[in-house]
Amino acid sequence: MIDTDAAMPDAPLRGDLPKKQRMEMLQDSYLRAVAAAAGCTMAKPEPDDGIDWKLSHTSDSHTADCQIDLKIQLKSTWTSAPNPSNGFVSVNLSNERLKLLARSPVTVHRILVAMIVPENIAEWVEASHDIFQLRHCAYWRSVTGVAASGERHTAVRVSTSQIFDDVSLCAIMERIGKGGAP
């Protein structure tokens, strides 16, 4: 007789995909979930031109145009704890990328979405019969007008008071749809 408990490994056999690529996939999944709940369509620029995603939000209530677009740059880190006590998460952007995101004026607004993930990949997702969770959280900010401060990279602070979820994305799109900024 085979002891099935002895044959089961303590942890699942995870693939050898590098952590950075896994983090990108997790961010994309988070964004997809938020965009779906907000009623947005998504397009990924190919090749990547410095913007990770473009979201579109269509509503007859928009006054600037019935279809509003928003460009998104995603970053993630495990170096911040969830809901950090300092009130922000810091992510590094290349000065070239920051210059692109910080341009003003723009036809299509841009935001930075910074996600805090657990360092341990096994803690990224949890599923049960009534919930599927991604850990930890993503926050957003407009970096329009932010100047580079480092030699090659700039640490950009994103306030944890601006959680990036479907409600905040709808509010961003509504503000843009009225001719305002994110």
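Relative contact order of the chain, please, whole-number percent, based on alpha carbon pairs below 8 angstrom and at least 6 residues apart. Could you put the intermediate results ahead of the total?
On the way: 298 pairs, mean separation 41.6, N = 182.
Reported as a whole number, the value is 23 percent.
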Query raised in the report: Of the trypsin sites (Lys or Arg not before Pro) in segment 83-182, which ones lie in a loop per DSSP and count no more than 16 other C-beta atoms within 10 Å?
Result: ARG103, ARG135, ARG152, LYS178
Report summary line: hull vol. (C-alpha, convex hull) per residue for the chain, Å³ -> 161
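For the chain, what proportion of DSSP beta bridges, expressed in % and rounded to the nearest 5, is antiparallel? Before the final figure, lay out the partial values.
Working: 26 of 34 bridges.
Restricted to the chain, the bridges split so that about 75 percent are antiparallel.
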Query raised in the report: So which residue, out of LEU26, LEU100, LEU169, gets the largest mean-square fluctuation from a GNM of the chain using Cα contacts under 10 Å as springs?
Result: LEU100
Report task. With a point put 7 Å past each Cα toward its Cβ, work out how far ASP49 is from ALA122 in nm, to one decimal. Result -> 4.4
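Can you give the charge dipole size of the chain about its Cα centre, rounded to the nearest 20 debye, using +1 on the beta carbon of Lys and Arg and -1 on the beta carbon of Asp and Glu?
Working: 19 positive and 22 negative charges, 194 e Å.
Rounded to the nearest 20 debye, it is 940 debye.
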Query - Top of CYS137, CYS66, CYS40 by mean-square fluctuation, Gaussian network on the chain, Cα under 10 Å - result: CYS66
Report task. Could you tell me which helices of the chain pass both thresholds, a Cα extent of 15 Å or more along their own axis and a mean Kyte-Doolittle hydropathy of at least 0.0, with helices taken as whole DSSP H runs? Result -> 166-177
Query raised in the report: Calculated from DSSP H runs of 4 or more alone, at -39500 (n - 2.57) each and per residue, what is the 222 nm mean residue ellipticity of the chain, nearest 500?
Result: -7500 deg cm²/dmol
Query raised in the report: Using all Cα-Cα distances in segment 60-163, what percent lands in each 10 angstrom bin from 0 up to the longest?
Result: 14, 37, 30, 16, 3
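Among all lysine pairs in the chain that are eight or more places apart or on different chains, how many have alpha carbons less than 13 angstrom apart?
Details: LYS20/LYS75; LYS44/LYS54; LYS44/LYS71; LYS54/LYS71.
Value for the chain: 4.
Computed from the coordinates by the stated procedures, all read-outs in this text should not be read as laboratory data. From a predicted model like this one, the values you see are computed outputs, not experimental measurements. Positions of Cβ are backbone-derived with ideal geometry, glycine not excepted, and every protein chain shown enters the neighbour counts.
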